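Below is one structure; the comments refer to it alone.
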């Protein structure tokens with residue numbers, strides 16, 4: 001199992017959260033599990049599966065759940081035997097928590113499991129931007145090893161979207177001539193970025209956004225200090241992503257949302273000293289996670305404002321008790337909702353560009369606030 005050593009961080013691990021490999025169960029995504037179980041029961045276990053869906057909804061956790069089951073379960077003959085009986089039907093991917101193979105997986109010593117991910121640059125102490133062809137070539141030696149106990153091998157590629165062109169072409173050759181008793185699990189946030197020939201050689205398991213109940217349940221399993229009063233806000237602002245909810249919890253996402261809402265509530269005339277004070281919180285945070293959360297919360301505020309204005313419907317889950325009153329003032333008509341929608345997209349693009357070229361965060365935030373102020377004036381016919 002190529003998880004490397006403890007000195008190398010895990011790229012898909014959120015600070016304070018458990019690694020996907022540690023989960024004993026998957027919360028949500030029962031339909032996807034049912035589809036995989038059905039394939040096993042019908043003797044149609046494909047050699048490659050693409051697990052797709054938005055980031056943070058549990059795709060990696062689901063891939064690890066599949067891998068654990070496959071490695072801990074014997075290979076069964078497909079179809080009926082000479083005596084007319086059929087292999088036992090399974091109903092779940094649950095396994096014995098004390099299974100010896102599971103203990104090896106948790107210890108990182110299971111030789112039939114290989115993880116492909118972006119390589120870690122020890123000198124710069126960060127992960128490289130792409131999965132390179134060298135990482136795919138390592139699978140050749142992995143496949144050359146004899147599978148212990150005659151069982152399956154499993155490869156998890158996390159995430160397949162990170163492969164460069166050469167790596168993708170190398171993987172395609174593996175998919176075209178898959179080794180016997182080997183299952184490849186490709187995690188993909190944006191499958192449209194992958195080669196069509198790769199997609200066509202995989203069966204797809206699509207995982208959808210999580211419900212608030214699911215996200216609350218997942219957060220309860222993590223070693224995070226979360227105020228119970230914030231649980232609803234985290235679920236709502238995360239847009240169905242448990243991973244996003246964890247990030248928001250770590251970086252005070254709901255509090256930032258409330259601050260932004262308080263500022264724009266002053267529109268069409270936002271208090272300048274208040275805007276400057278708010279912006280100066282991000283001085284010297286050019287590359288910080290806090291700044292990313294800020295951009296996301298601006299997007300959430302404007303998106304919720306736009307939907308409210310366009311539909312006239314009160315949000316199903318309120319993040320702040322004053323949202324309806326503020327949204328009603330800023331976006332009184334469906335026509336003004338279009339202006340807010342365009343501004344939301346514009347600010348998202350400007351924010352991402354500013355992050356890319358390392359613009360001064362204070363100037364970047366103030367620019368966003370003033371553009372919101374201008375849009376509010378236009379919505380109320382003051383320009």
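Read-outs: derived from the displayed coordinates by stated rules, not from any lab. Predicted model only: the values in this text are computed from it and were never measured.
Each Cα pair of segment 193-255 feeds into the Kirkwood radius, which the Stokes-Einstein equation turns, at 10 °C and 1.306 mPa s, into a diffusion coefficient of 121 µm²/s. Taking N as the residue count of segment 150-189, its C-alpha radius of gyration divided by 2.2 N^0.38 Å amounts to 1.22.
Annotation: Cα Rg of the chain relative to the compact-globule expectation 2.2 N^0.38 Å equals 1.15. Note on segment 209-299: Cα-only Rg and Dmax are 14.4, 44 Å. If I build a Gaussian network model for the chain, linking alpha-carbon pairs within less than 10 angstrom, which residue out of 265, 255, 107 has the largest mean-square fluctuation? Per the Cα network of the chain with a 10 Å cutoff, 107 tops the list. Shape summary of segment 326-383, radius of gyration then Dmax from alpha carbon positions: 12.7, 37 Å.
With only Cα atoms counted, segment 118-220 has Rg and Dmax values of 16.2, 45 Å. With N the number of residues in segment 166-221, Rg(Cα) / (2.2 N^0.38 Å) evaluates to 1.54. Relative to the dominant Cα principal axis of the chain, helix 133-144 is inclined by about 30°. Taking each DSSP H run with n ≥ 4 as -39500 (n - 2.57) and averaging over every residue of the chain yields -15000 deg cm²/dmol at 222 nm.
How large is the Kirkwood hydrodynamic radius of segment 299-343, in angstrom, based on all distinct alpha carbon pairs? Taking the inverse mean of 1/r over all distinct Cα pairs, segment 299-343 comes out at 10.1 Å. If you take the Cα centroid of segment 315-365 and the Cα centroid of segment 201-271, the two points sit 17 Å apart.
Between the Cα long axis of helix 165-176 and the first principal axis of the chain there is an angle of about 40°, rounded to the nearest 10. Computed over Cα pairs, the Kirkwood radius of segment 20-206 leads via Stokes-Einstein (1.002 mPa s, 20 °C) to a diffusion coefficient of 124 µm² per second. Annotation: average projected area of segment 251-379 is 7.0 square nanometres, based on the convex hull of Cα atoms across all directions. Rounded to the nearest 10 degrees, the inclination of helix 334-356 to the longest alpha-carbon principal axis of the chain is 70 degrees.
Rounded, prolate or oblate, given the Cα gyration tensor of segment 97-151, with a/c below 1.5 counting as rounded? Verdict is oblate for segment 97-151.
The DSSP beta bridges internal to segment 20-206 are antiparallel in roughly 10% of cases.
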